[in-house]
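Colleague: The structure that follows is given in the form of structure tokens.
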Amino acid sequence: MIILCSNGLSSPALRRAAGKYVKPGGRAALVVTADPEYREKNYHVERLKEELGSLGLAVDIFDFDFQPPEALSRYDVVELMGGNPYYLLHSIQKHSAREALGQAAARGLLAGVSAGALVLGPSLGLIDRYSPEMNTVGLGGLKALGLTDVEILPHYSRFHTRYERFEERCREYENEKGCKVIRLDDGEGVLVGDRVEEIRSPLRVRVAGVDFRNPVIAASGTFGFGREYGEMYPLSELGGISCKGITLHMRPGNPPPRVTETPGGMLNAVGLQNPGVDHFIEKDLPWLSQQGTRIIANLAGSTVEDYCLTAQKLNSAAVDMVELNISCPNVKEGGVQFGVTAGGVEGITKAVRKVCKKPLVVKLSPNVTDISEMALAAESAGADAVSLINTLTGMRIDIHTRRPIIRNNTGGLSGPAVLPVALRMVWQTAQKVKIPIIGLGGISSPEDAVEMLLAGASAIQVGTAIFTDPYAPLKIARGLEEYMEKNGIGTISELTGGVRPW
């Protein structure tokens with residue numbers, strides 16, 4: 001039995017599929033082809049060992065440079081790790097390991113991870129179209145091991161953002177070779193035995209025509225442009241990132257102090273500090289677009305003209321969606337926020353919709369009389385989705401100085417304390433609009449996320465929780481999948497709007 005996967009047995013669905021062919025108490029060989037120093041520091045080695053260990057297997061590191069391929073006969077499971085597919089295939093050929101790997105598939109379970117999955121298939125021809133520069137070993141032919149005739153494309157979403165004409169070139173390859181390439185995102189795989197079974201992530205969700213590998217998005221203002229968090233874990237494990245709010249020109253933000261704790265949350269008045277849209281496109285997007293996650297540009301401004309000009313600059317940028325932050329003061333209207341009246345919401349949405357070529361999400365303020373009416377106004381003006389709620393206006397006072405703690409006097413309240421308000425508003429809005437809702441406000445656990453989806457959200461954003469636990473979005477995504485597995489839920493979309501009011 002062979003299982004081909006994008007990034008290991010990293011989802012319950014994949015571990016469940018592999019578990020059918022694994023006997024607890026057995027032994028697994030994790031085959032790596034890297035120098036010892038890199039191997040010891042490689043995050044993925046430990047992760048893959050843990051995944052195999054979760055199946056009740058004792059795991060050994062195996063390297064063809066130090067151990068003969070015949071020694072694989074002692075193992076019940078063999079997992080071929082990823083890396084450079086050319087180097088990996090070269091190493092297998094150099095050590096005549098093809099037969100040993102074939103015997104592993106016939107005897108038990110042979111798993112190929114990313115590059116490991118590519119070399120088990122018929123050819124490296126497709127990957128050679130995108131990354132011929134990876135052939136640093138001067139591999140002469142592109143014929144792979146051919147232990148299966150199934151061709152996959154791992155990390156599909158990540159590659160999709162990295163290469164131009166990606167999908168078009170993939171289809172061209174299929175037409176030329178008369179084959180079908182199975183596109184896999186992380187957490188997905190293909191089980192190859194008597195038949196071919198695709199194992200897809202139950203967390204996949206589509207919002208406004210954009211596919212997300214899971215419904216968990218890092219909220220704007222809490223994740224910057226992702227660089228700091230990218231040092232902790234692959235950003236491809238997120239459904240998406242709503243970037244720090246960007247404006248037409250650079251903004252220094254409000255004077256400090258501009259953040260303070262509150263019971264059950266925090267108060268902030270950062271003031272949209274950002275480097276401006278040109279800097280974002282030139283300096284931040286090139287790196288961010290290679291991280292394999294959906295990118296949502298959060299757009300703010302002080303005038304309608306600012307919003308429109310910024311949106312136009314983003315039309316040709318590598319972002320998947322634009323999120324319109326309308327909780328901004330309209331300086332031409334005396335500082336009144338764009339988002340506090342239905343007319344204001346409709347006007348700014350309609351203006352941006354005329355010039356914006358990306359899917360448009362309007363982020364709604366909760367500081368209104370009826371947020372569902374604001375959502376209807378956004379929908380009627382052409383919004384593809386709405387996100388809610390933005391922060392609630394709040395205040396803290398230093399009793400010793402008798403001054404507000406925040407220099408701006410008031411700020412935006414976020415965190416667990418606002419969850420009940422956010423849930424109520426999402427539920428009310430879901431009764432009114434037909435476009436998708438991205439729910440946010442106080443989500444800090446998988447249970448909170450389930451509540452938000454049941455209230456009517458198609459996807460969620462996690463914000464303040466990231467400050468106390470940078471891994472919160474990943475834990476929430478994993479918790480959602482565990483909840484679905486425990487409750488027999490096939491796809492995450494089944495939860496959306498599933499609340500049963502009294």
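None of the figures in this text is laboratory data; all of them are computed from the coordinates on show. Predicted model only: the values in this text are computed from it and were never measured. Reconstructed Cβ throughout: ideal geometry from the backbone, glycine too, with neighbour counts over all protein chains shown.
Colleague: Search the structure for amide H atoms under 5 Å from the amide H of S123, placed 1.01 Å from N in the peptide plane, and list their residues when 5 or more places away or on another chain.
Modeller: A144
Colleague: With the radius of gyration and the Kirkwood radius both derived from the Cα set of region 260-307, what is their ratio Rg to Rh?
Modeller: On the way: Rg = 14.8 Å, Rh = 13.5 Å.
Computed over Cα atoms, the ratio is 1.09.
Colleague: Among rounded, prolate and oblate, which fits region 344-502 when a ≥ b ≥ c are the square roots of the eigenvalues of its C-alpha gyration tensor, a/c under 1.5 means rounded, and a/b larger than b/c means prolate?
Modeller: Oblate is the answer for region 344-502, as a/c is 1.5 or above yet b/c matches or exceeds a/b.
Colleague: Let me ask another. Can you list the lysines whose alpha carbon sits under 23 Å from that of K180, skipping same-chain ones fewer than 8 residues off?
Modeller: Within the straight-line limit of under 23 Å, K180 reaches these lysines: K143.
Colleague: Near the amide H of L392, under 5 Å away, which other amide H atoms are found, from residues 5 or more places off or on another chain, if H is placed in the peptide plane?
Modeller: Placed amide hydrogens put L413 under 5 Å from L392.
Colleague: A further question on this structure: Need one word for region 454-502: rounded, prolate or oblate. Basis is the Cα gyration tensor (sqrt eigenvalues a ≥ b ≥ c); a/c below 1.5 gives rounded, then a/b vs b/c decides.
Modeller: Note, shape of region 454-502 comes out oblate.
Colleague: Continuing with this model, one more query. What's the ranking of 171-181, 56-66, 432-442, 197-207 by average number of surrounding C-beta atoms within 10 Å, highest first?
Modeller: 432-442, 197-207, 56-66, 171-181
Colleague: Can I ask one more? For region 63-143, what's the radius of gyration and Dmax over Cα atoms, in angstrom?
Modeller: Both quantities, over Cα of region 63-143: 12.6, 37 Å.
Colleague: Summing +1 for each Lys or Arg and -1 for each Asp or Glu, what net charge is found among the other residues whose Cβ lies under 11 Å from the Cβ of L118? Spell out each step's value before the answer.
Modeller: On the way: positive: none; negative: D128, E151.
Cβ neighbours under 11 Å give a net charge of -2.
Colleague: Check the straight Cα-Cα distances from K354 and name the lysines below 18 Å, setting aside those fewer than 8 residues away within the same chain.
Modeller: K313, K363
Colleague: If you add up the charges near E447, with Lys and Arg at +1 and Asp and Glu at -1, over every other residue whose beta carbon is less than 14 angstrom from its beta carbon, what do you get?
Modeller: -1
Colleague: Below 8 Å, C-alpha to C-alpha, sequence gap of six or more: please give me the relative contact order for region 116-179 in percent.
Modeller: 38
Colleague: Restricting to Cα pairs below 8 Å that are 6+ residues apart, what does the relative contact order work out to for region 209-318? Please round to a whole percent.
Modeller: The normalised contact order for region 209-318 reaches 30 percent.
Colleague: Another question, if that's okay. To the nearest 500 deg cm²/dmol, what mean residue ellipticity at 222 nm is calculated for the chain from DSSP H runs of n ≥ 4 alone, each contributing -39,500 (n - 2.57), summed and divided by the residues?
Modeller: -9000 deg cm²/dmol
Colleague: Let me ask another. Which of rounded, prolate or oblate describes region 158-261 when judged by the alpha-carbon gyration tensor and an a/c cut-off of 1.5?
Modeller: Working: a/c = 3.33, a/b = 2.13, b/c = 1.56.
Cα axes put region 158-261 in the prolate bin.
Colleague: Taking the convex hull of the Cα atoms, report for region 74-200 its projected area averaged over all directions, in nm².
Modeller: Seen from a random direction, the Cα hull of region 74-200 projects 8.0 nm² on average.
Colleague: Would you list, by chain and number, the lysines whose Cα falls below 21 Å from the Cα of K23, excluding same-chain residues fewer than 8 positions away?
Modeller: Answer for K23, where 21 Å is the Cα cut-off: K49, listed by chain and number.
Colleague: Related question: Translational diffusion coefficient of region 193-346 at 20 °C, 1.002 mPa s, Stokes-Einstein with Kirkwood Rh over Cα pairs, in µm²/s as a whole number.
Modeller: Result for D is 124 µm²/s.
Colleague: A further question on this structure: Measure out, as a whole number of angstrom, how far apart the alpha-carbon centroids of region 488-502 and region 86-118 sit.
Modeller: That distance is 42 Å.
Colleague: Looking at the chain from every direction and averaging, what is the projected area of its Cα convex hull in nm²?
Modeller: 26.1
Colleague: Over the chain, what is the relative contact order in whole percent, taking alpha-carbon pairs under 8 Å and six or more residues apart?
Modeller: With pairs under 8 Å counted, the relative contact order is 12 percent.
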